[in-house]
1. Looking at 146, 155, 132, which one is more than 29 Å from residue 201 (Cα to Cα), at pLDDT below 80 and not assigned by TED's automatic domain parsing to the domain that holds residue 198?
2. List the number of the failed condition for residue 325; all other conditions in (1) closer than 17 Å to residue 397 by Cβ; (2) at pLDDT 80 or above hold.
3. Return the residues of the range 113-124 that are in contact with a helix residue (DSSP H, G or I) (Cβ under 7 Å, 6 or more places away or on another chain) and surrounded by fewer than 20 Cβ atoms within 10 Å (Cβ to Cβ); say none if nothing qualifies.
4. Can residue 248 be described as over 24 Å from the mean Cα position of the chain (by Cα), assigned by TED's automatic domain parsing to the domain that holds residue 173 and either surrounded by 20 or more Cβ atoms within 10 Å (Cβ to Cβ) or at pLDDT 85 or above (or both)?
5. List the strands (runs of 3 or more DSSP E) that sit entirely inside the range 177-232 and contain at least 1 residues that are in contact with a helix residue (DSSP H, G or I) (Cβ under 6 Å, 6 or more places away or on another chain).
6. Considering only residues that are part of a loop (DSSP other than H, G, I, E, B) and either modelled with pLDDT of 80 or more or surrounded by fewer than 20 Cβ atoms within 10 Å (Cβ to Cβ) (or both), which ones fall in the range 60-77?
7. On the basis of being modelled with pLDDT of 85 or more and more than 22 Å from the chain's Cα centre (by Cα), does residue 168 make the cut?
């Protein structure tokens, strides 16, 4: 005989009407129909809608408003405010489970401004947890704090001028200017560089002094200066670290104090990047037609070697850029030497002198200055080109090209890329690569469509209107007369987008921030934002 399981509740007592009412009352008291964290009974007492979690429609749930002390029935009263004044909104505190009415209770592990310092840390060191750059010096608080820089002092920056706190940090290549007065008679700047770098300072302090200190606080340079004509000064870094440049107010006639203006450009360069070639026996070998870029520091002397056969023509051309590149020289020259070490001919055989002087650099403006040496050699062997050891303040960058060619009448005597026969037809001088002395070679002018016999007509202009000068196009191998042909892989404005890409997307290849919103075109384009619309910009990142 089998047994059956008892039926649940079969022997329970009957449910009374009172029990039913009690259960219903408890259910109503605990019910939260809108799921906002407030029971329906609590909402009835508050006057909120138990079926709508956001009664006043201000985008904050009724419970959050009750907890933050704002009115859940008033759409103008919501938890954006900071009730306890601890620099965290009530909403932020609710999200981090801290008390929005207690200033001592705040989100310790939050980073409200995204500066890589927690808010707790910022509260402790005194920085503003809602401003990533409290002192406004361009460095985020987290960056400064980790680099032992003071994020509360705009004069203190990572790797900054700790030896002279009043000094301003400048880049290794940059400009600085100002005005010295009786009450503010010395200004200091600092920059970082490494040992053996050539340091050049071009500018003026009128009247006053220019001072350079090394990281050990030793004086490397202390020069009086006067007048507003730019002068160059240079030193070689004797150790790695922070260097200081001081501008000191001077006196005028009869020791009367004057306000002193100053303007300087700082630049640094590695000495002799082409190699140690400061003696004839350590000359650097060149191929015919090879162009080499080198840097010559003050008191330095560079030697180069080239092979030639008897009867060949050696044409050595020294081209010194200046202007935009900031190059400034003093009497830099070029010489030719025979295999036995004797000098050949005279400096300045061509119309362009073999020596470039200070005055040349000051007066000629933007462009290239060329010094040449040319000789027909009478024996086979190794010949030497000497970039002469003449005083240069700081350093000078230059391009040297040595061409070796046969002496046939149909050749190119001056090495400018035009044959002597072509020059005869053009009316240019076949022995002078720059017939009109406008600092552009005859070939470059012919290619750009300017007149090589007219010194007022030269390739600064933009013949085809494509926003590239004729000279820029010549240097990049494009046609200066064709607006559809331009340096496609060139980045004229340095915004990390090639000019070709900028033309394709509609940005200005000569303006790094086309829409003027403070973000470079390249940054916007790579982050998926429109660099032609100022309202679209990439997220801020460290």
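The values are calculated or read from the model by the stated rules, or taken from the named source; none is laboratory data. Only a predicted model underlies this, so the values are computations on that prediction, with no experimental measurement involved. A quick note on method: Cβ atoms are made from the backbone with ideal geometry, for glycine too, and the neighbour counts reach across all protein chains shown.
1. From the options 146, 155, 132, the qualifying one is 146.
2. Among (1) closer than 17 Å to residue 397 by Cβ; (2) at pLDDT 80 or above, the lone unmet condition for residue 325 is (2).
3. 116
4. yes
5. none
6. Answer for the range 60-77, where residues must be part of a loop (DSSP other than H, G, I, E, B) and either modelled with pLDDT of 80 or more or surrounded by fewer than 20 Cβ atoms within 10 Å (Cβ to Cβ) (or both): 61, 69, 70, 71, 72, 73, 74, 75, 76, 77.
7. No.
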